[in-house]
1. By a straight-distance test (C-alpha under 12 Å), which aspartates and glutamates pair with Lys199 as possible cross-link partners, with residues fewer than eight away in the same chain excluded?
2. Each residue of the range 162-169 in turn: what ³J(HN,Hα) in whole Hz from Karplus with 6.51, -1.76, 1.60 and θ = phi - 60°, glycine and Pro shown as x?
3. Tell me the relative contact order for the chain as a rounded percent, counting alpha carbon contacts under 8 Å between residues six or more apart.
4. Taking every Cα atom in the chain, find the radius of gyration and the maximum pairwise distance Dmax, and write them in Å.
5. Of Lys2/Lys200; Lys77/Lys124; Lys15/Lys181, which ones are farther than 24 Å apart at the Cα?
6. With a 10 Å Cβ neighbour count serving as the proxy for reagent exposure, in which order, fewest first, do Thr16, Thr165 appear?
7. Using a Gaussian network model on the chain with a 10 Å cutoff between Cα atoms, which of Met100, Met75, Met64 fluctuates the most?
Amino acid sequence: MKKTIAIAGKGGTGKTTISALILFWLIEHVSASILVVDADSNVNLNDLLGVKIQATVGNIREEMLAKINNLPAGMTKQQFLEYKVQSSLAEYPDFDLLAMGRPEGPGCYCYANNLLRDILNSLKSNYDFILIDNEAGMEHLSRRTTGSIDCLLLISDPSIRGIQTAVRISTLLKELDTRVKDKFLILNRNQVPVSKAAKKLIKESGLTLLGSLPEDRVLLEADRNNAPLKNILSSSSAFNALGQIMKKIINSKNIKEVT
């Protein structure tokens, strides 16, 4: 099985935390090779995973543009990028991590982005699962930097306003003709049953509500202390609830909407 899972939504909904929880669930329950892509310009997924990164793709773009007329003899631009991307790929026993980061200098990055998209697509063939934590907004999705996606998880809080934002992202994806096979909604930090008004809005939008994660004091405390999540999973109610959602994703042909 090969599957690309991407996480998106507005800022502050817990996308990065959920990305980390999904990774730990895959490590525990699926024997597979996993590539994690931190596509947020504010790179911090590694903190939740308890690992360090040495370089980002943004750094590589900067370096390529700075050296574009002075590359090593006999090395093409694509070969240079491939070498640098492979060098920046952080490898750990259970997963590999690639951080996108943000280019810092002025100028057009279209050419570099297109090459990187091709390189990332070629990397996918080496892994069973690709897990992508997107930044708030649509940049990576709209530019297709992250290529095709099998399962897009739109994260929202249970408020009507939050769900409306997730619906707008879903609608924009249709307009952009982004290559997303399946889209699902997850409500995070839910303290009470989903309201009738929220269910009505979700149903009218055409989105499938895959499940809800509860407000989790254990995760909140870890966030306050900037602590890795690995050691608190057994006491995390959100991680336990995520298990049912992940089973649906792994068997996506049989997904049924939460009622």
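Any read-out appearing in this document is the output of simple, stated calculations on the displayed coordinates, not a laboratory observation. Computed from a predicted model, the values in this text were never measured in an experiment. Please note: Cβ atoms are built from the backbone with ideal geometry, for glycine as well, and neighbour counts cover all protein chains shown.
1. Candidates past the 8-residue exclusion: Glu257.
2. x, 5, 4, 5, 4, 5, 5, 4
3. Values: 425 pairs, mean separation 68.0, N = 259.
Worked out over the chain, it gives 26 percent.
4. Computed over the Cα atoms of the chain, radius of gyration and Dmax are 18.6, 65 Å.
5. On the way: Lys2/Lys200 34 Å; Lys77/Lys124 20 Å; Lys15/Lys181 20 Å.
Beyond 24 Å: Lys2/Lys200.
6. On the way: Thr16 23, Thr165 19.
With the sparsest Cβ surroundings first, the list reads Thr165, Thr16.
7. Met75
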